[in-house]
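**Student:** Supplied in structure tokens, the structure appears directly below.
The values are calculated or read from the model by the stated rules, or taken from the named source; none is laboratory data. Keep in mind that this is a model prediction, so the values were computed, not measured. Quick reminder, even Gly has a Cβ in these numbers, built from the backbone with ideal geometry, and neighbours come from all protein chains shown. With ligands, DNA and RNA removed, areas are computed over all heavy atoms of the protein, side chains included. Shrake-Rupley method; radii C 1.70, N 1.55, O 1.52, S 1.80 Å.
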Amino acid sequence: MSSFVQTSPPVHAEPEAYTERQTNPELYQHFANLVSSLPSSKGLSNNQLHRHDQGWYSSQVPLVGAMVADACFAARPSDIIVATLPKSGTTWIKSLLYATVHRREHPVDAIDHPLTSFGPHGCVRFFEYQQYTRNKIPDLDKLPDPRLFATHVPFVSLPRAIVTSGCKIVYVCRDPKDTVVSLCYFINKLRFNDGLEPLSVEAAAEMFCDGLSPFGTYWDHVLGYWRAHLACPQQVLFFRYEEMQKDAANHVRRLAEFVGHPFGDGEEEDGVVDAIVRLCSFDHMSGMEVTKSGRTDLVVGTVENSSFFRRGAVGDWTNHLSPETARRIDAITTRKLKGSGLSV
Ligand code: A3P
């Protein structure tokens, strides 16, 4: 049995089942007090958003989790971190990364592949939503190399040990117009669960443009990782969702190379790359039983795994945003990204 299977949670399990975790309510209370003192606002969320001292917003619980992760996470150079804004393709890149890195222990076509049993968010877990939660400090030292984690925090707020350890960061960005539409649909599911009125897409876009969205401002987030990528391309890989859609296989090859697990000629001939692309495709993943009937505990709410799969399309914003709102977002993009060399 692989080490993954021994240490992984069943899909319905509470995070406590994942690894042994010490409790440290004092540390959580310390950061909760700090977060309570920060400016707060309504925003694109089911909860009040608080402004981190680096300028981005998050609801209280994941913000405290991010601060605890910053204080406690001990990185290893072999760690690989998925970093994204919500709704940028996190689920997809987690799947591709997991399937690629673990392809030897878990052949891609195995019927009991961990992605099939646990889903992408059970295989690669968020620091602030799944690991550093509920007053607990996870004992991540017991996990075998390479450890895979995920986070939504901006580059400036990554647990400091990540940057100093030199571990790998895989970032994915997505057209902000598609990101905000996707985010609005997702947040409305959380709002529905909490008995709150849904947000209109236009209201959501207004908040998004004002930076009142989880882990945003969008443009600062993408620029933070883009500049880190330019400064240190061997540590930060930068993908765009739209380009992944155009040529997923090539992105899988680049991902494998970047994380130090390149495909050999034999694997290419055996079609391993294409098999990974198929395993992680929207159509395949959205049809899996773990997606259709599983749930993920994200500390801010338990969500149905199917919520992570909506359309998986490029340009769906044209069906939801008014031309004026689209122009407003494009204008901010042009202004903010000017001279950066980045286009989204
Ligand atoms: P849409 O709401 O536009 O359909 P995240 O994983 O960061 O939460 O992002 C979710 C978005 O990625 C959703 O976008 C979802 O449909 C899409 N998505 C999820 N899995 C995908 C996959 N395997 N391939 C392509 N897109 C995927």
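**Student:** Say whether the condition of being within 16 Å of the ligand (Cβ to nearest atom) and surrounded by fewer than 19 Cβ atoms within 10 Å (Cβ to Cβ) is met by at least one residue in the range 96-117.
**Tutor:** yes
**Student:** Taking the range 314-344 only, how many residues are touching a residue at least 24 places away in the same chain (Cβ under 8 Å) and assigned to a loop (DSSP other than H, G, I, E, B)?
**Tutor:** Number satisfying all stated conditions: 9.
**Student:** Report, by residue number, each residue of the range 235-253 that is open to solvent by 70 Å² or more (accessible area, probe 1.4 Å) and touching a residue at least 24 places away in the same chain (Cβ under 8 Å).
**Tutor:** Scanning the range 235-253 gives a single hit, Gln245.
**Student:** Residue check, Val303 against (1) within 14 Å of the ligand (Cβ to nearest atom); (2) open to solvent by 20 Å² or more (accessible area, probe 1.4 Å), all met but one. Which one?
**Tutor:** Failed condition: (2).
**Student:** While we're here: Name the pairs whose Cβ atoms lie under 6 Å apart, with the first residue in the range 45-66 and over 16 Å from Leu190 (Cβ atoms), the second among the hydroxyl-bearing types (Ser, Thr, Tyr) and surrounded by fewer than 19 Cβ atoms within 10 Å (Cβ to Cβ), and 6 or more positions between them or separate chains?
**Tutor:** Pairs that qualify, where the first residue is over 16 Å from Leu190 (Cβ atoms) and the partner is among the hydroxyl-bearing types (Ser, Thr, Tyr) and surrounded by fewer than 19 Cβ atoms within 10 Å (Cβ to Cβ), are His50/Ser40.
**Student:** In the range 254-275, how many are in a loop (DSSP other than H, G, I, E, B) and either touching a Phe, Trp or Tyr at 6+ places or on another chain (Cβ under 6 Å) or open to solvent by 40 Å² or more (accessible area, probe 1.4 Å) (or both)?
**Tutor:** Within the range 254-275, the first condition is being in a loop (DSSP other than H, G, I, E, B), and the residues that meet it are 259-264, 270-271.
Okay, now just the ones that are also either touching a Phe, Trp or Tyr at 6+ places or on another chain (Cβ under 6 Å) or open to solvent by 40 Å² or more (accessible area, probe 1.4 Å) (or both), so 260-262, 270.
Total meeting the criteria: 4.
**Student:** Across the range 323-344, what is the number of residues that are among the hydroxyl-bearing types (Ser, Thr, Tyr) and either open to solvent by 30 Å² or more (accessible area, probe 1.4 Å) or touching a strand residue (DSSP E or B) at 6+ places or on another chain (Cβ under 9 Å) (or both)?
**Tutor:** Residues of the range 323-344 that are among the hydroxyl-bearing types (Ser, Thr, Tyr), as a first pass: 325, 333-334, 340, 343.
From what's left, either open to solvent by 30 Å² or more (accessible area, probe 1.4 Å) or touching a strand residue (DSSP E or B) at 6+ places or on another chain (Cβ under 9 Å) (or both): 334, 343.
The number of residues fulfilling the criteria is 2.
**Student:** Check Leu38, Leu44, Leu27 and return the single one that is more than 22 Å from the chain's Cα centre (by Cα) and part of a loop (DSSP other than H, G, I, E, B).
**Tutor:** Details: Leu44 fails: more than 22 Å from the chain's Cα centre (by Cα); Leu27 fails: part of a loop (DSSP other than H, G, I, E, B).
Only one candidate passes the filter, namely Leu38.
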